[in-house]
Amino acid sequence: MTEVHAGEEAASQSIEQHLYQRLSKVIDPELGRSITDMGMIVSIEAVPRAEASGDATDAYDVVVQVELTVEGCPLSETITNQIKGAVFSYPDAKLTPHIEVSSMSKEKLSNLVEGLKEARRANPFTKKGVKTRIFAIASGKGGVGKSSVTANLAATFASMGYDTAAIDADIYGFSLPSIFGVHTQPTNLNGMLMPVTAWGVKLMSIGMFTGADRAILWRGPRLQRSLEQFLSDVWWGDPDVLLLDLAPGTGDMAISIAQTLPNAELVVVTTPQPSASDVAVRSGLVALQVPMTVRGVVENMSWFDHQGERLRIFGEGGGERVSQRLTNALHYDVPLLSQLPLQTDMRTTAESGRPAVLNEDGALDSSELAQSFKKLATTLMS
């Protein structure tokens, strides 16, 4: 081997090693793990290339062979773009990336999934030292905007930079997929599901698996099993925040949440009128039966601003009534966390598949509603 060829080979090997280290910082957006740790980078080859100037010492074609977890991975473009960015930004040579994409063999994928499951095992949110804050959003009755509150609060957390997940635990009246504009099913990674990400929020809902017009008649053990599957058979990573949109009332799912996630904090949603607030108290009183803390009360549809006048369409005082009654019954402070205005955007924007607190670019809007949710999110995380 000539000295020139030996020098070129050494330089290529050095580039390949440095690129592998750089690619170790590329994270699979679904699994939250390094693409090198998961064996997705099969090979890196740097080949010297002659430039027009005749200088071939610092110009290379770089071929990166990538194996994605599944064929047609929905985030393949995101991963390949990150790989290209890591190659292009290499400081010591001019590199031109060529990405060759394929999918893992069944055996390799099976080994990867088994390793991930072994690292997690069962419900990941009850492990010692878990950092995830869990908020279960409840209401005494339907029609008070509980799901809208859940969706907009989740979108707010995500826009503030929190790694955010949300489970539609309202098995009978699932609505989070439509609010977030989700029309796809979660990716099945060899028996482990990847949550669908929309507007920065990782989502899971029974509505992603069934037609919206299909009735679901689940009770007791089967309901609890559905929640356990959403927690243990879905790869959530390590979210900062997990929100659960509960079914109205104090039925089986509320009890299941308390048993499965004893570290969850209950947030009770009501509207101002007595007919809603009186029933809302019951959803908070579930904490007398199970080990769950009631974090506070959110009063939705508190007022409507019309031509400079603030109209109390549903009366007033409901949130305060629920707060006081739960404080007295539970013997600790259950504050009124927020009063949210009634806005037609909550409905019209949600029907278009975007939470109302976000603008079209996905950033937190400057509206009063969005700022109210930001203040609520900040309070909950304090």
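How large is the translational diffusion coefficient of segment 142-187 in µm² per second when you combine the Kirkwood radius over alpha carbon pairs with Stokes-Einstein at 20 °C and 1.002 mPa s?
186
For His98, what accessible area in Å² do you get when you roll a 1.4 Å probe over the heavy atoms of the protein chains, rounding to the nearest 10?
Rounded to the nearest 10, that gives 80 Å².
Which lysines, on any chain, are close to Lys108 with Cα under 20 Å apart, when same-chain ones fewer than 8 places away are left out?
Straight-line reach from Lys108, under 20 Å: Lys117.
List the lysines whose Cα sits under 28 Å from the Cα of Lys374, skipping any in the same chain fewer than 8 residues away.
Lys131, Lys141, Lys146, Lys202
Pairs of Cα atoms under 8 Å, at least six residues apart: use those to get the relative contact order of the chain, whole percent.
Averaging sequence separation for qualifying contacts and normalising by length gives 15 percent for the chain.
Counting pairwise Cα distances across the chain, what percent come out greater than 37 angstrom?
Summing the P(r) of the chain above 37 Å gives 33 percent of all pairs.
Residues of the chain: accessible area per residue at 1.4 Å, in Å²?
Averaged over the residues of the chain, the accessible area is 47 Å².
What is the helix-to-structure angle for 106-120, meaning the angle in degrees between its Cα long axis and the longest Cα principal axis of the chain, kept from 0 to 90 and rounded to the nearest 10?
In the chain, helix 106-120 runs at an angle near 50 degrees to the longest axis.
Can you return the lysines within cross-link range of Lys84? Criterion is Cα-Cα under 23 Å, with same-chain partners fewer than 8 residues away left out.
Within the straight-line limit of under 23 Å, Lys84 reaches these lysines: Lys25, Lys94.
Can you give me the Kirkwood hydrodynamic radius for segment 261-382, using every pair of distinct Cα atoms, in Å to one decimal?
One over the average 1/r among Cα pairs gives 15.4 Å for segment 261-382.
Given Leu337, Leu285, Thr270, which one lies farthest toward the positive end of the charge dipole of the chain, if we put +1 on the Cβ of every Lys and Arg and -1 on the Cβ of every Asp and Glu?
Selected residue: Leu285.
Using Cα-Cα distances under 8 Å and only pairs 6 or more residues apart, what relative contact order does segment 94-196 have, in percent?
Reported relative contact order: 20 percent.
Expressed as a fraction of 2.2 N^0.38 Å, the rule-of-thumb size for a compact globular protein of N residues, what is the C-alpha radius of gyration of segment 95-159?
1.88
Based on the Cβ-Cβ distance of Ser105 and Ser367, what FRET efficiency does E = 1/(1 + (r/R0)^6) give at R0 = 41 Å, to the nearest 0.05?
0.25
Helix 368-381 versus the longest principal axis of the chain: what angle, 0 to 90°, nearest 10, using Cα atoms?
Result, in degrees: 80.
Could you work out [θ]222 nm for the chain from helices alone, using -39500 (n - 2.57) per DSSP H run of at least four and dividing by all its residues? Round to the nearest 500 deg cm²/dmol.
Calculated at 222 nm, the ellipticity per residue is -11000 deg cm²/dmol.
Considering only DSSP beta bridges with both partners in the chain, what is the antiparallel share in %, to the nearest 5?
Here the share of antiparallel DSSP bridges comes out near 30 percent.
Cα axis of helix 220-232 to longest principal axis of the chain: angle in degrees, 0 to 90, nearest 10?
The angle comes out at about 30 degrees.
What is the percent carbon and sulfur in the accessible area of the chain, measuring with a 1.4 Å probe over the protein chains and ignoring ligands?
Reported share for carbon and sulfur atoms: 49 percent.
The values are calculated or read from the model by the stated rules, or taken from the named source; none is laboratory data. All values reported here derive from a predicted model rather than from experimental measurement. Note that we place each Cβ from the backbone using ideal geometry, even for glycine, and neighbour counts take in every protein chain shown. Only protein heavy atoms, including side chains, enter the accessible area calculation; ligands, DNA and RNA are left aside. Shrake-Rupley method; radii C 1.70, N 1.55, O 1.52, S 1.80 Å.
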